Amino acid sequence: MSKPAPSPGLVVDRNLALELVRVTEAAALAASRWIGRGDKNAADGAAVEAMRKAFDTVAITGTVVIGEGEMDEAPMLYIGEKVGLYAKAGGGPEVDIAVDPLEGTSITAKGGPNAIATVALAEKGGFLHAPDIYMDKLAIGPGLPEGIVDLDAKPEENLRELARAKKCDIGDLMVCTLDRDRHKEMIRACRAAGARIMLLGDGDVSGVIAVSQPEAGVDIYMGSGGAPEGVLAAAALRCIGGQMQGRLMFENEDQIARARAMGITDPNRKYSVEEMAKGDVMFAATGVTSGAMLRGVRRFAGGAYTHSIVMRSKSGTVRYVEGHHNFARKPSAFIA
């Protein structure tokens with residue numbers, strides 16, 4: 001008697017974690033060819049193409065709901081694109097995908113730290129369909145009382161409450177934010193309150209995740225960055241632990257109308273981690289250049305080493321994966 005086919009949920013539970021790592025490894029390996037070469041578009045394009053090809057081997061019917069642009073902006077992984085082994089024929093679990101094939105394109109071009117390739121997966125309808133606009137973000141790590149910080153509070157108020165919860169001085173706190181002119185007043189307020197500042201040139205997915213990594217030394221993330229990156233960061237925090245709030249930042253009525261068409265009914269809503277990434281969520285990332293969380297790709301004659309993280313919200317399991325890639329045995333699509 002033949003065995004019944006496994007349910008889609010069982011496939012998601014048992015098989016997809018390592019497959020997601022292979023996807024981010026492929027993107028990171030491709031982007032690593034462009035580290036320090038001054039061409040961020042070439043680095044990004046290489047990561048996108050490698051990630052797309054890697055998805056072709058994953059037994060899912062996936063829909064990109066958080067991507068790098070619209071269909072007419074290909075070769076980016078565009079919003080609405082179908083990916084996965086069964087994308088054309090159907091079959092396998094239907095899942096939503098959030099991707100950033102290369103977070104930190106400028107970082108990669110300059111050979112700086114903290115560039116990563118990242119992907120998140122959720123059950124269908126699990127991700128906030130965030131348009132490609134800015135999002136105001138606030139995040140702290142796990143193990144803290146709910147509601148001690150709030151997007152509507154002043155920076156100094158959030159720092160005071162966080163220091164009280166951590167039983168430390170404000171001067172012990174490290175604030176992470178993007179180094180942008182729009183953050184000058186916020187940075188000034190944090191410094192006036194006595195907090196220390198870590199400024200990022202790029203890569204706020206890594207910045208948000210850093211609040212959950214004790215070795216990163218980051219206590220709170222503040223500031224605005226891309227909304228798609230906000231959803232990816234929320235997916236990671238759903239798995240690894242932490243609190244986050246996000247609010248979309250609309251510049252005009254056209255952006256609001258587009259968001260409404262994507263299912264966003266309240267343009268002023270404050271979203272929690274669970275509202276941005278709900279249900280069973282998986283997250284994977286591979287370092288392109290070395291940072292606080294992951295080591296970068298290390299190439300050698302005939303191969304490379306990669307360092308990745310993969311985690312899942314349902315179990316709370318976090319795994320670090322060290323890959324040793326032998327290019328003589330690896331398909332060319334995964335070693336570009």
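What to note about this one:
- Between LEU138 and GLN245, the built amide H atoms are under 5 Å apart, and every one of these is 5 or more places off in sequence or on another chain.
- Under the Karplus curve 6.51 cos²θ - 1.76 cosθ + 1.60, θ = phi - 60°, whole-Hz ³J(HN,Hα) for region 279-287, x wherever Gly or Pro sits: x, 7, 10, 10, 9, 9, 8, 10, x
- Counting only DSSP H runs of at least 4 residues, each contributing -39500 (n - 2.57), and dividing by the residue count of the chain, the helix-based mean residue ellipticity at 222 nm comes to -9500 deg cm²/dmol.
- Listed values (i) 65, 46, 42; (ii) 66, 42, 38; (iii) 70, 50, 36 include one computed from this model; for Cα extents along the principal axes in Å that value carries the label (i).
- Here the extension length gained between THR317 and LYS124 equals 67.3 nm, from 0.36 nm per residue of separation less the Cα-Cα distance.
- Rounded to the nearest 5, the antiparallel percentage of DSSP beta bridges internal to region 134-276 is 70%.
- Residues in region 28-37 carry Karplus couplings, in order, of 5, 4, 5, 5, 5, 5, 10, 4, x, 9 Hz; the curve used is 6.51 cos²θ - 1.76 cosθ + 1.60 with θ = phi - 60°, and Gly or Pro positions show x.
- Kirkwood Rh in Å, taken over all unlike Cα pairs in region 134-276: 15.3 Å
- Free of any GluC sites (Glu not before Pro) that DSSP assigns to a loop and that have at most 10 other C-beta atoms within 10 Å, the longest stretch within the chain is 1-145.
- For region 131-148, 3J(HN,Hα) computed residue by residue from phi via the Karplus equation (6.51, -1.76, 1.60; θ = phi - 60°) reads x, 7, 10, 7, 10, 7, 10, 8, 9, 9, x, x, x, 10, x, 5, x, 6 Hz, glycine and proline entered as x.
- Look at the dipole of the chain built from charges on Cβ: of ALA227, LEU16, CYS176, the Cα furthest out on the positive end belongs to LEU16.
- Annotation: amide H-H contacts under 5 Å for GLU81 (H modelled 1.01 Å from N, sequence separation of 5 or more, or interchain): VAL64.
- Amide H to amide H distances under 5 Å link VAL297 with VAL288, THR289, where only residues 5 or more positions off or on other chains count and H is placed in the peptide plane.
Read-outs: derived from the displayed coordinates by stated rules, not from any lab. It should be emphasised that the depicted structure is a prediction, and the values quoted were computed from it without experimental measurement. Backbone-built Cβ (ideal geometry, glycine too); neighbour counts: all protein chains shown.
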